[in-house]
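Below: one structure, written as structure tokens.
Every number in this text was worked out from the coordinates using simple rules, so none of it is lab data. Bear in mind that the values here come from a model prediction, so they are computed numbers and not experimental data. As a convention, Cβ positions derive from the backbone with ideal geometry for all residues, glycine included, and neighbour counts pool all protein chains shown.
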Amino acid sequence: MTEIPEFTCDAYDVAVIGAGHAGCEAALAAARLGCETICFTVSTDTIAMMPCNPNIGGTSKGHLVREVDALGGEMGRNIDRSFIQSKMLNGSKGPAVHSLRAQADKQRYTNSMRHIMENTTHLTMKQAEVSELCYETGSDGVKKVTGVKTVSGAFYPAKAVILASGVYLNARCIFGEVSTYTGPNGTPRATHLTDSLIAAGLEMYRFKTGTPARIDKRSIDFSVMEEQYGDEKIVPFSFTNKREDIEREQVPCYLTYTNEETHKIIRANLDRSPLFSGAIEGTGPRYCPSIEDKVVKFPDKDRHQIFLEPEGEYTNEIYLSGMSSSLPEEVQIAMYRSVRGLENAKIVRNAYAIEYDCINATQLYPTLECRKIRGFFSAGQSNGSSGYEEAAAQGIIAGINAARAVQGKEGIVIDRSQGYIGVLIDDLVTKETHEPYRMMTSRAEYRLLLRQDNADLRLTEIGHEVGLISEERYEKFLAKKEAIEAELKRLSEVTLGASAIVCETLKNLGTAEIHTATSLLELLRRPELSYESIAVLDPGRKTLPEDVIEQVVINIRYEGYIERQKQQVEHFKKLENRRIPEDFDYDAVPSLRIEARQKLKQFRPVSLGQASRISGVSPADISVLLVMLQRTLRRDHED
Amino acid sequence: MKDTIAAIATGLSRAGISIIRISGPEAAAVASRLFRVGKKDALRPVDVGSFDSHTVHYGFIVDGAEVIDEVMLLYLKGPRTFTTEETVEIDCHGGILVTKKILSAVLKNGARLAEPGEFTKRAFENGRIDLSQAEAVMDLIAAGNDLALKNSVRQLRGSLRTRILAIRDEILSDVATIEAALDQPEYYSLEGFSSKLLDTVTAQQETISKLIRSFDDGRMLSEGIKTVILGKPNVGKSSLMNLLLGEDRAIVTDIAGTTRDVLSEEMRLNGIPLILIDTAGIHETADPVEQIGVNRAKGQAEEADLILYVADASEPLTDEDEMILRSVTKGKIIPIRNKTDLTVRTDEETFRAFLTRFSIAEEPVSVSAKEGSGLTELSERISELFFKGCLEADDEIVITSERQKECLNEAYESLSRVRESLASGMPEDFLSIDLMGAYGALSRILGEDADEDLINRIFSQFCLGK
């Protein structure tokens, strides 16, 4: 093999490896914060590509998108530009689990993100495979990033590098006995970077995920399926958008089911599934099992739901949600055709599983910077997460923190009480997950506070401080906040006497009479009354925006629960705010149990809070650390 | 802000005085809920926080309507205290029972049981003790926790553990059902789930409250069955006590009313731990000193786990015997006919008929304390009464530590909140908050980390997919 001559190319502040959902947010954040940023991709045609499901959001993922938006990210605005159906899931449940999900027109999603990327100041797109992470080792033994090299020998000096390689590192797509060595949808994979990362001292994992077949719309009998519509009153993902700005005609999805015949075909061919034959070594996610996994794990279920979702308006391809597989092609054909309505299905793209390399994310700080190499960040599926939204959430944080590192500022961390982003990143860097990590509302212990409806109230302040939220947007946000507080105050001050007219009105509203003077706020606590329904009793009311009313009502109605969680958060913050010095010597604490000491040395938690979440570290160990930290602190003070 | 903690500061022993220490921002407030001053029959509450700092006050500790003990209360405002926090110390009359009862009452009224070494830890954190003591403190904490864990693991063998695991498992399964439906609303529905949940939660609460009740049984096992010897003067109570103890502990004379106060001894009878309490004979008396003894005897009888009611076989039964049986309302009772070595004036049949009038079905035991006869039968009866079905039906399942009880109480309260949420029609995601609260409390009893349980359960129980 001929040696490729190396040359030095343009220097950048920040280099981003990958232009998927993590890479885009990371590159945009860094560039918008004034850093000269270069974003590498194996193909500029696949910027923000959605290689699997055609939707953005969903339970808990919708929360992430809105949080990204509140911080000044792009995903929310981009899906608002490109959705073809939108739905608020869990509408009948509590506000904490309401989740927004939209079907995207995949092409429009990709194109409009590409447009943004290509037209952002300070941001340069580059189609090239990055083959090497470059760093220098200082006299103190600390490694520091110097830039990246591409396969063509170009060295791009950079002060910070963000890995956002998605599923592309040494990717292999598999179905049946067939393996192709490509990224998703036949895109080129990245074959060199893994070795370079290992050489730099990083520990890698091999994970697996999969996708179902895409079917030609014309071959499907939709008449035997249930139609699924979007909401009439849609809610935009982005806090910058109003409903009327983005309203459009929506496209339906369809529901059908597998049956015993489908399951029989799968069972008869399990030995040819690479998942079961051992041909796949990567660890797959439990939450997104292939249909063969489901049939094996839940033998009692006689049918599984299959949702048919359009991939966009530009194409006839239909995504079969719930039926990902890696069975051989002919088995796939038989299997899909056994499903009601798919008897004549023409498969445009086969289902396949994909294996890829990612890093063990416990090697990262909660800022997403690598502990071992200063200036090196990682975000998205390369951190072992799964999902577009999880990727974007990490991307924006990595982008912000890379920029801050370049600018000599301390990194930001969203903690578990501030957002799903915090839960996601804390879980990734603190808990050793051996499978792709997906967000779930049940992972958020302060879920009542972390609602999708108040993501702006939780995070706009941070986005503004960081510099991603414009003054104009910030002013609007402050006005909203003020309006909420003012209305809560007004409702608590406007009281109704127990007059005959008031009681009569209340009776007509289907609620109990009052016997003493009662504030409107008190009345709103009654589940049978709504803000609208008590309008008759509230003539002094001004017309307020819907989002303000929503906050007011939630705050009143769930006050007890919300207060309780706020108290828990207070307790949580106490440990979270106890920082552990980076060079803390765990060996000098004899009272720590051996297992705890090993784990603490391995993880080097940044705070007592993080330490307490490491498995193998007990409350007693935390007490010991607490005392020791206090001692160190005081000694420093006395010195 | 820190919470308020409490513990017995003196260690459990039969020392003359025990101290319960309360430390934290709510110390005075907690104490005010229990501390009463004034005459015993006209007690009134007082704001402990209004006392001058570092002053001692005489009064009583009450638990609801019950007066637990006569105490001296020490009020110390921060920061001139051991922990630098507001501190209240209650000096009570020693004795394991009383001390624990006071602690219980303190915990019920807003304090949390201190972790091992926690007072010292706070003292250290607040800069009260010097650096050289830090290592010692850490060792103490580490050792204390290990010990507590070991103890609780030891106590949790067998059916208590099984019982808690079973409830915990049910709860987790219900939460997983809710969470799976929240995570995949298009795949899983929660229709009809709430009404089913109400039944489950109600049953779980019953089991838990039974476990909480068993705390008293557990206490009897670990500390001894509080056994009070009761009877009118000179029926041979003290002789019986000496016989049981096998030593001359109580002063025995022929003069009625010799025992003027309460005598207490711990002993084992065929392996059964007893706290044996001899009392003054109960009768109408004009002697004020004797009267105090009589009142104490009645008080003891009220707190007894077991009453040994002694009658004199050589004398006829009198009004005083009736008075005694009327005053006994709680606890198990074994009637004893003593002095069977003398000429019998009250035979077994008369005695039995007399007992029936007070609805006491328990077969009397005939004893001669002087000759030492009947002792074997008596001890057999005690062991039968307590360890063959007379403790809570599940005699094996007993909880013995205050910490476990506290966790069970917490689980119970969480489940109560679930029921409230169900009653007020809250959406299901609110239910899982308190269900997980109960789950966490039960996990703490088992010393287990419950972090990833829910996620694992959702995946194993439900088929989630895209």
Exercise. Where in the stretch A:492-515 does the label zone of residue A:526 land, with the point 7 angstrom along Cα→C-beta and an amide N cut-off under 17 Å?
Worked result: A:492, A:494-515
Seminar exercise, completed: The relative contact order of chain A, taking Cα pairs under 8 Å that sit 6 or more residues apart, comes to a percentage of 16
For this session: Sort A:477, B:430, A:237, A:307 so that the residue with the fewest other Cβ atoms within 10 Å of its own Cβ comes first and the one with the most comes last.
Result: A:477, A:307, B:430, A:237
Exercise. For B:358, B:82, what's the fewest-to-most ordering of other Cβ within 10 Å of each Cβ?
Worked result: B:358, B:82
Seminar exercise, completed: The simple spin-label model distance between residue B:93 and residue B:70, using points 7 Å out along Cα→Cβ, in nm, is 0.7
Seminar exercise, completed: Residues whose modelled amide H sits under 5 Å from the amide H of residue A:158, counting only those 5 or more places away in sequence or on another chain, are A:12, A:147, A:148
Problem set entry | the stretch B:362-367 - phi-based ³J(HN,Hα) in whole Hz, Karplus 6.51/-1.76/1.60, Gly and Pro as x | 4, 5, x, 10, 9, 9
For this session: Determine ³J(HN,Hα), in whole Hz, for all residues of the stretch B:100-111 in sequence, where each value follows from phi through the Karplus function 6.51 cos²θ - 1.76 cosθ + 1.60 and θ = phi - 60°; x replaces Gly and Pro.
Result: 5, 5, 5, 4, 3, 5, 4, 5, 5, 9, x, 9
Exercise. Taking every residue in B:418-429, how many Cβ atoms of other protein chains lie within 10 Å of its Cβ, on average?
Worked result: 3
Problem set entry | Of all DSSP beta bridges in the protein assembly as shown, antiparallel share, percent nearest 5 | 65
Problem set entry | Spacing of the two label points (7 Å from each Cα toward its C-beta) at residue A:107 and residue B:345, in nm | 11.5
Exercise. Say R0 is 56 Å: what FRET efficiency, to the nearest 0.05, do residue B:296 and residue A:563 get from their beta-carbon distance?
Worked result: 0.75
Exercise. Once a ≥ b ≥ c are taken as the square roots of the eigenvalues of the Cα gyration tensor of the stretch A:478-565, is the result rounded (a/c under 1.5), prolate (a/b larger than b/c) or oblate (a/b not larger than b/c)?
Worked result: prolate
For this session: Could you work out the mean count of beta carbons from other protein chains within 10 Å of each residue's beta carbon in A:117-126?
Result: 0
Exercise. Which value, in nm² and rounded to one decimal, describes the direction-averaged projected area of the C-alpha convex hull of the stretch A:214-352?
Worked result: 10.3
Problem set entry | the protein assembly as shown: C-alpha gyration tensor shape, a/c 1.5 cut-off, then a/b vs b/c | prolate
Exercise. Which shape class, rounded, prolate or oblate, goes with chain A when its Cα gyration tensor gives a ≥ b ≥ c as root eigenvalues, a/c under 1.5 marks rounded, and past that a/b bigger than b/c marks prolate?
Worked result: oblate
Exercise. For residue A:44 and residue B:3, what does the FRET efficiency come to when R0 = 45 Å and r is the distance between their Cβ atoms, rounded to the nearest 0.05?
Worked result: 0.20
Exercise. If one computes the Cα centroid of the stretch A:119-185 and of the stretch A:333-403, what distance in Å separates the two points?
Worked result: 15
Exercise. For the stretch A:481-578, what is the relative contact order in percent, using Cα pairs closer than 8 Å and at least 6 residues apart in sequence?
Worked result: 27
For this session: Please give the length that would be gained between residue A:92 and residue A:219 if that part of the chain were fully extended, namely 0.36 nm times their separation in residues minus their C-alpha to C-alpha distance (nm, one decimal).
Result: 42.2 nm
Seminar exercise, completed: For peptide A:441-447, the mean count of other chain Cβ atoms within 10 Å per residue Cβ is 4
Exercise. Taking neighbour counts of Cβ atoms within 10 Å as a proxy for exposure, in what order, fewest first, do B:310, A:151 appear?
Worked result: A:151, B:310
For this session: Would you mind getting me the FRET efficiency between residue A:615 and residue A:229? Use the beta-carbon distance for r and R0 = 41 Å, nearest 0.05.
Result: 0.40
For this session: For every helix of n ≥ 4 consecutive DSSP H residues, a contribution of -39,500 (n - 2.57) applies; sum these over the protein assembly as shown, divide by its total residues, and give [θ] at 222 nm rounded to the nearest 500 deg cm²/dmol.
Result: -12500 deg cm²/dmol
Problem set entry | Rg(Cα) / (2.2 N^0.38 Å) computed for the stretch A:578-638, rounded to two decimals | 1.01
Seminar exercise, completed: Expected sort for B:340-350, B:315-325 on mean C-beta neighbours within 10 Å, highest first, is B:315-325, B:340-350
Exercise. Relative contact order for the stretch B:5-125: what is it in percent, counting Cα pairs under 8 Å that are at least 6 residues apart?
Worked result: 33
